[in-house]
Amino acid sequence: MKKIILLGATGSIGTQSIDVVLGHPNMYEIVAMAAGYNIEELKKIIRIYPTCKYYSVRKESDALALQAMYPNLHFGHGDDGLLGLLDVKADMVINALVGFAGLKPSLLTIEKGMVLALANKESLVTGGPLVKAALKKFKGTMLPIDSEHSAIFQCLQGNKTSEVKRLIVSASGGSFRDKTREQLVDVSVKDALSHPNWSMGKRITIDSATMMNKGFEVIEAHYLFDIDFANIDTIINKESIVHSLVEYVDRSVIAQLGTADMRIPIQYALSYPDRLPLMQSEPLDLIKVGMLHFDAMDFERFPLLALAYEAGKRGGNSGAILNAADEVAVELFLNEKITFLQIEECIAKAYETMEFIANPSYEDLRVTDEKTRAFVYEYGGK
Ligand code: NAD
Ligand code: MG
């Protein structure tokens, strides 16, 4: 029985992780869960998964109300509650938090000797070198949940990283893939939130439309697989069926295919190196799909992808700047304070303005995050 701590339980990845665990009740057990502000969703989860004893939420008032309602369970709150959950004895932590908030729990997971199943790509975007150093120091294991990275990880099985020529990270193209830049000027929040292939949290859906998400995934791939940025390419596969590819030195290209179902990569992280049947899922029917399309990525159409490569290569606190700027810019867009294209402008401005730190400590990254967020609220909120 593998014991799991699930961070971000009420989110898109969180709820799908619970689904995967419920499919194999004799193999996996969730022993602790962290959530944010969505208490109704958490109550639903407690109903369908009543055996988990330890919880943490953001607000103290929510924790107190839940404690009164469920006297046999334990509810913490805030950062202490979240990090305190990692004291519960477990084998693996699924980090499905969103944003910079995920970095500290990732580091602590490794420090405490638990396997890190990582959905929170921001851990690597903001603190890649710190996560790598912790993995080395504590001889830790990190497994990808992001679909592209799970695909690459699967394509690498049985092969040597030293024989990889390049990684090719797939992109769906997001909600606006068929629009020109001119047509992006007055797109609405509602349209931006309707992703053609995947149903995900709000931030990552907007990040897919701006291609910031793909930029983050290039940085994520760099740290996960130790491949130079020069050898990481991106490609548009609008069907979201070819989840990514690995080209080897002998010109052989291995791809991983599947339906757009995040439970596949989530379950692979749980079951690795084994594979298990996935309950209640549709098989991939390539005959029904009929045709797969591939397009080159347009770096002028998607300047944030170019900026992510640049930030990834510069390293230091660059990813933390990008992430914090994006987090706030997306929030301002969702609240209709800025337009879609102003997301790019806010991020570029923050990148250009914020102080560069070459070898940041966790504390430097935290301060970078705080200052960048304040900068974008000020710049974009005007
Ligand atoms: P989401 O917004 O649906 O869920 C985020 C979860 O984290 C929620 O449970 C929320 O309450 C919780 N949370 C956020 N901040 C918190 C904090 N400070 N403390 C405690 N809990 C907090 O997001 P999501 O779409 O599930 O994405 C989660 C992560 O997985 C992100 O890093 C995203 O980039 C990545 N990811 C998501 C998908 C997807 O299909 N949704 C695919 C690949 C990668
Ligand atoms: Mg992805």
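The values are calculated or read from the model by the stated rules, or taken from the named source; none is laboratory data. Because the structure is predicted, anything quoted here is derived from the model rather than measured. FYI the Cβ positions are ideal-geometry reconstructions off the backbone, even for glycines, and counts take in every protein chain you see. Side chains included, ligands, DNA and RNA excluded: accessible areas come from the protein's heavy atoms. Shrake-Rupley method; radii C 1.70, N 1.55, O 1.52, S 1.80 Å.
List of remarks:
- Förster-model FRET efficiency, 22 Å R0, Leu284 and Ile235, C-beta, rounded to 0.05: 0.75
- If a spin label sat at a point 7 angstrom from the Cα of Met291 along the line to its beta carbon, the backbone N atoms of segment 238-280 nearer than 18 Å would be those of 238-242.
- Given Lys214/Lys313; Lys89/Lys112; Lys112/Lys137; Lys313/Lys371; Lys53/Lys139; Lys160/Lys238, the pairs whose alpha carbons are separated by over 20 Å: Lys313/Lys371; Lys53/Lys139; Lys160/Lys238
- Gaussian network model of the chain, Cα within-10 Å springs - most flexible of Leu278, Leu85, Leu116: Leu278
- Cut-off 15 Å between beta-carbons: net charge of the residues surrounding Tyr268, Lys and Arg +1, Asp and Glu -1: -2
- Placing dummy labels 7 Å off each Cα toward the beta-carbon, the span from Leu334 to Asp298 is 2.8 nm.
- If the segment from Asp79 to Asp364 were pulled out straight at 0.36 nm per residue, it would be longer than the present Cα-Cα gap by 100.8 nm.
- By average C-beta atoms within 10 angstrom, highest first, the peptides 69-81, 243-255: 243-255, 69-81
- Rolling a 1.4 Å probe over the protein heavy atoms gives the chain an accessible area of 45 Å² per residue.
- Each 10 Å bin from zero up to the one holding the largest Cα-Cα distance in segment 316-382 carries the following percent of pairs: 25, 53, 18, 3.
- Between Ala374 and Lys313, the FRET efficiency estimated from the beta carbon spacing at R0 = 25 angstrom works out to 0.45.
- Here the simple spin-label model places points 7 Å from the Cα toward Cβ, and for Gln183 and Ser61 these points are separated by 4.5 nm.
- Alpha carbon centroid spacing (whole Å) that separates segment 127-154 from segment 167-229: 21 Å
- GNM flexibility winner over the chain from Lys238, Lys104, Lys288 (Cα, springs under 10 Å): Lys288
- For segment 228-359, the equivalent ellipsoid derived from the alpha-carbon gyration tensor has semi-axes of 33, 20, 17 Å in decreasing order.
- Derived scalar couplings ³J(HN,Hα) [segment 214-225; Karplus, 6.51 cos²θ - 1.76 cosθ + 1.60; whole Hz; x for Gly, Pro]: 5, x, 4, 6, 5, 5, 4, 5, 4, 7, 5, 10
- For segment 64-106 versus segment 263-306, the inter-centroid distance based on Cα atoms is 30 Å.
- Pairwise FRET efficiency - Glu111 versus Asn26, Cβ, R0 = 25 Å, nearest 0.05: 0.25
- Three principal axis lengths of segment 135-280 [C-alpha, angstrom, descending]: 48, 38, 33
- Rg and Dmax over the alpha-carbon atoms of the chain stand at 20.1, 63 Å.
- Sorted peptide list for 225-231, 312-318, 168-174, criterion being average Cβ within 10 angstrom, highest first: 168-174, 312-318, 225-231
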